[in-house]
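A.B. asks: Following this message is one structure expressed as structure tokens.
Every number here is computed from the coordinates shown, using simple stated rules; none is lab data. Note that this is a predicted model, so its numbers are computed, not measured. So basically every Cβ, Gly included, is an ideal-geometry build from the backbone, and we count neighbours across all protein chains shown.
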Amino acid sequence: MTQKQSRIAWVLVLLTCCTGVFFSHSQAQPEPQVASETLLPGSAVILATWDGNKAHQEAWEQTAAYDALHKTGLIDLLHKFFDFASLQAQAAGGGDEVLAAKQILMHVIDNGFSVAASVAPNAPPQPSAVFVLHDAGKLAGSINAMVKDAVQGELEFQTRDLKGRKVTSALIPDTPGIEIGWWVEGQHLVITGGMNAVAAAIDVAAGDAPNVTSNPLWKKYRTGKDGFTVTSLGWFNVGALRKQFGQMPLPIPPTPAAPDGTTIAGLLKLIGLNDLGGCVIRSGYKGRSMWSEAVLENPGEKTGLMGLLNQKPMTIDDLPPLPFSTNGFAACSVDWSKSYTDVTELAKSVAALGPPDAAAQIDGILAQLPAMIGFDPQKELLDTLGNVACAYGDPRQGGWFGMSFGLAIQVKDAKTLNSTLNKLLQIAAAEAGPAELTIARTQKQGREIVTFQVGGGFVNPSYAVDKDWLIIGMLPQTVEAFLMRLDGNLTAWKPTASYDRAFAELPKQFTSITVSDPRKSYRALVGAAPFLLGFAQGASRQLMGGMELPITVADIPPAEAVSRPLYPNVSVCTVDEDGVRFTSRSSLPMVPLLGANSVATVPILVALLLPAVQQAREAARRASSKNNLKQLMLAMHNYHDVYNKFPQGTVPNDQLKPEQRLSWMVSVLPFVDQNPLYDQIDQKQGWKANDNQDAVSAVIQTFVHPSNPQVTNDMGQGTTHYVGIAGHGPNAASLPLRAPGVGIFGYNRATRIRDITDGTSNTMAISEASEPFDSWAAGGKATIRGFSRKPYVNGPDGIGGPSRGGFNAGLADGSVRFLSQNIDPTILERLAAMADGQPIDEF
């Protein structure tokens, strides 16, 4: 495949994914409901699936992370900054990209996604991938338009019916059958790419080929008894690939070690991966905790690379005396001498597959190494060390921003170790010279502390050898403090009740452990935020023309309130006859700043912040939509000031039906800062006229709900998510002005304020809409709707919105109200009518 072809293929796959999310809906899903996993191939060797926030909202709200981030309002601040950055980007001409990124993120947060890759057993192997964007249907027209525009005629697309599905696909030119395709399956968007990928994916969706629920890994890790709420699952099935392609020969000539040549399975056996099965990771919630498990399936004896993980178990009691104020540590069990032997033997075994003298050369280097460096690295260094090694944070000893740390390694033969280290010091001093390295020796706490002064003393790493421990520190103070704890002259860390609760949920024996306390780092970070914000405000005023940041110091929650729900994070590794397992229990990932653990910081999981950010953004999106309605109502009143009436529901044109005419939104374009666009539109023609296509293809942000990513219709025209209210009853938009139940908008009527005898504060003018959506320039039901069939909210009339709990509506007095989805239907009928004389209770 040429570089150009490869570029086309990957761009199309990524564009299709983004387009699918961008144009998807988060509202009532189409029938039939389809489980996303039934669209993934049973032969998947790579899998990643995320359920989305909606599926586990209740479990997320029970966690300590939710309390710390959401209930304190901390996420609200991040949201304000994000929206502030969006506005600045929009002002600079980059708002569309920021808006697209927000909409994509919001949909994935809410609904999730799945990706699966499989490889057909052909020569050469034929990989293919299936992407399922959950609840992202109704995309055929939008994707066709955008993808065709993106490739500019370089690909030839076709739409065909395959097993009852309308599939759009294209072959990548000059490739042996590589294709991409997509279709809607139930409520999901399915995208596939690869060799003969479309037919294979359709077979899975139609039930003619096994789906992933038949895969043993799925049965074991997704539907088995997990003990926690699983929100995401991923795997790399090494065992399946080995079984499928293990006998494939490698391009290595025969050698004495492999006279018949080397296969993939032979190489994997050589390096100790011949029994490796699935590499699986899954995460989710367990009570108050974030919980994750990673498993390397490897039954039986562990050799080679896997043997390096098979170390002697240790317990909490084996740890060295750690600082009382430590903010985290990472400890592991290592048989240094055996690991050295295993690595050298592995290197010689692999070298045997190379040139005839490769293995002999390694043997020669290993034999000469003691003479080259002045000591035997195995006997005089590695054999002197015990199996426990522990790196830890020691913030009270100074360092940069409190990030001092130490490393303690258990010692078996202190005398020999000291001698070896002295030899290393002599070599280092001879190589570096006094200008680059100075070595100082100080007697402290009955031992010798050796300090390296590097860069004129700017960096001062140090070490000391005790009879039981080798201690290495970023500073000599770290080393001395460790010696004092050994002697009982400083208080050492002991597990508190919160640590004990964590340890109680995890295995008591392990080969490695990582512990971090997010309370200290978040307390430090949030505590410093008021001071940092002051500097940021000053910089904003000076560099951005007096612009104020979107938050004040008073918006920052108390540091103690953020840290109070949290507790220590603990992760352990265990090895048994079935393989290697990493288990993690955390309240909130560490922040590697301002006193956080610089040695064992837990990675910040995307799945943690996604639900919290989504919660904060939902309220902001609702507020943004409210602002859009205010702008529309202001435009309506300005129009009334000029013409002494509100705009007619459709631009008058006796030659066209209402559905063919231009809408009232065209009439208010000059009043929403769209004069140039208004001037491009031929008012004598309909919205589908060729002369009007360029104009009506524009996406007008005032007409778009920020929670709804469908910003164009099947024709590529800009859509609207707001509608004028025609009243209540059948055909309300077609009735004359004085008919019962009529509202402000009608196809052939224009309303004046004096016609609204029920009062402008009691009459709906414009509302958020639910499906279907169409061009903002389209007359008819695309832009005018009335209440005719229950349920009225998000029901068959298409009035409602994506917000939880209700929708925004603009009243004729220019105000905007949020109406509950449980509002009395009679109240809605009376709000829709402008002159029925019926009283309206509180709403």
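A.B. asks: Evaluate the Kirkwood expression for the hydrodynamic radius of segment 613-832, namely the inverse of the mean inverse distance over all pairs of different C-alpha atoms, and round to one decimal in Å. If you can, show how the numbers build up before the last one.
C.D. replies: On the way: mean 1/r = 0.0585 Å⁻¹.
Every distinct Cα pair counted, the radius reaches 17.1 Å.
A.B. asks: Can you give the Rg/Rh ratio of segment 298-516, where Rg is from the C-alpha atoms and Rh is the Kirkwood radius? All intermediate terms of the calculation are to be shown ahead of the outcome.
C.D. replies: On the way: Rg = 19.8 Å, Rh = 19.5 Å.
Using Cα coordinates only, the ratio equals 1.01.
A.B. asks: Got a sec? How would 551, 766, 202, 427 order by Cβ neighbour count within 10 Å, fewest to most? Intermediate results must be reported in sequence, preceding the final value.
C.D. replies: Values: 551 18, 766 26, 202 21, 427 13.
Going from sparsest to densest Cβ surroundings: 427, 551, 202, 766.
A.B. asks: Right, another one. When we measure straight from the Cα of residue 163, which lysines land under 22 angstrom away, once same-chain ones fewer than 8 places off are left out?
C.D. replies: Within reach: 138.
A.B. asks: For 326, 192, 175, what ranking results if the residue with the fewest other Cβ atoms within 10 Å of its Cβ goes first?
C.D. replies: Values: 326 22, 192 30, 175 15.
If I rank by nearby Cβ atoms, fewest first, I get 175, 326, 192.
A.B. asks: Where a Cα-Cα gap under 17 Å defines reach, which lysines qualify for residue 80, not counting those fewer than 8 residues away within the same chain?
C.D. replies: Once the sequence-local lysines are set aside, what remains near residue 80 is 71, 102, 626.
A.B. asks: Given just the C-alpha atoms of segment 698-745, how large is their convex hull per residue in cubic angstrom?
C.D. replies: Details: hull volume 5.4 nm³, N = 48.
In segment 698-745, the Cα hull volume divided by residue count equals 112 Å³.
A.B. asks: Also, I was wondering about something else. Label 7 Å along Cα→Cβ of residue 678; segment 625-641 residues with amide nitrogen under 19 Å?
C.D. replies: Only 628-641 pass the distance filter.
A.B. asks: Once you've got the Cα coordinates, tell me which of 312/520; 379/423; 338/423; 286/312; 302/508; 348/379 are over 25 Å apart.
C.D. replies: In this structure, 312/520; 286/312 lie more than 25 Å apart at Cα.
A.B. asks: With r as the distance between the Cβ atoms of residue 697 and residue 804 and R0 = 41 Å, compute the FRET efficiency 1/(1 + (r/R0)^6) and round to 0.05.
C.D. replies: 0.80
A.B. asks: Which of the peptides 349-362, 40-53 is most tightly packed, and how do the rest follow, judged by the mean count of other Cβ atoms within 10 Å per residue? If you can, show how the numbers build up before the last one.
C.D. replies: Details: 349-362: 15.5, 40-53: 22.3.
The packing order, highest mean first, is 40-53, 349-362.
A.B. asks: Below 18 Å, Cα to Cα, which aspartates and glutamates can residue 243 reach? Residues fewer than 8 away in the same chain don't count.
C.D. replies: Of all the aspartates and glutamates, those that pass the test against residue 243 - Cα under 18 Å, at least 8 places apart if same chain - are 275, 297.
A.B. asks: Separate question: Using a 10 Å cut-off around each Cβ, can you sort 637, 721 from fewest to most neighbouring Cβ atoms? Don't skip to the answer; put the middle values down first.
C.D. replies: Numbers: 637 17, 721 22.
With the fewest neighbours first, 637, 721 line up as 637, 721.
A.B. asks: Kindly provide the pair-distance distribution of segment 296-364 built from C-alpha pairs, with 5 Å bins from 0 and whole-percent values in order of increasing distance.
C.D. replies: Spelled out per bin, shortest first, that is 3, 13, 17, 14, 15, 12, 10, 7, 5, 3, 1, 0.
A.B. asks: Could you work out how much longer the chain between residue 271 and residue 54 gets when fully extended? Use 0.36 nm per residue separation minus the Cα distance between them, nm to one decimal. Show your work: numbers first, answer last.
C.D. replies: Numbers: separation 217, 0.36 × 217 = 78.12 nm, distance 4.37 nm.
Computed gain between residue 271 and residue 54 is 73.7 nm.
A.B. asks: Ranked from highest to lowest mean number of other Cβ atoms within 10 Å per residue, what is the order of the peptides 471-481, 291-301? Walk me through the numbers on the way to the answer.
C.D. replies: On the way: 471-481: 23.0, 291-301: 18.5.
In decreasing order of mean packing, 471-481, 291-301 become 471-481, 291-301.
A.B. asks: A further question on this structure: Using a 10 Å cut-off on Cβ atoms, rank the peptides 128-134, 316-322 from the highest mean neighbour count down. Please list the in-between numbers first.
C.D. replies: Working: 128-134: 24.4, 316-322: 17.7.
Ranked by mean Cβ neighbours within 10 Å, highest first: 128-134, 316-322.
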